[in-house]
Amino acid sequence: MTANQQSNEGPAVKHRHRVEGPEKHIVVFIFSIVLTAIAFAAVAAGGINTAFTIIILLVMAVLQVFVQMGYWMHLKDKGHLMPILFMIGGFFVASTCIVMALFWVWW
């Protein structure tokens, strides 16, 4: 190796920490506001079928959950596998309890 070549293991290699600027947060904040406005408009319209309104509200709520957890709780970043797994496990436990409670009440 010549003096002009640098090895990947040498001190000349600098790893930059990727810093996330406020641009993504502003875009995500505006997206959250748009999702809220769509849900509000669906309810405020009044002339829309009730079942369709409920479907719109549920879709907007699920999108909001993923946006909030991904960007504001930073679950999109590396090293957050365990919190994600625990949230998924909690979701399954809670949904199982709800289904079993409904089954028990209606049986």
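The values are calculated or read from the model by the stated rules, or taken from the named source; none is laboratory data. Keep in mind it's a predicted model, so treat the numbers as computed, not measured. Please note: Cβ atoms are built from the backbone with ideal geometry, for glycine as well, and neighbour counts cover all protein chains shown. Ligands, DNA and RNA are excluded from the accessible area calculation, which covers all protein heavy atoms including side chains. Shrake-Rupley method; radii C 1.70, N 1.55, O 1.52, S 1.80 Å.
Filtered by the rule that a residue be open to solvent by 80 Å² or more (accessible area, probe 1.4 Å) and either in a loop (DSSP other than H, G, I, E, B) or not hydrophobic (A, V, I, L, M, F, W, C) (or both), segment 51-75 gives a lone residue, 73.
A Cβ distance below 7 Å, combined with a sequence gap of six or more or placement on separate chains, defines the contacts here; from segment 30-46, residues that are surrounded by 14 or more Cβ atoms within 10 Å (Cβ to Cβ) reach residues that are at pLDDT below 90 in the pairs 31/67; 32/67; 42/48. Test residue 73 against the stated conditions and say whether it is modelled with pLDDT of 90 or more and within 25 Å of residue 24 (Cβ to Cβ). The answer is no for residue 73.
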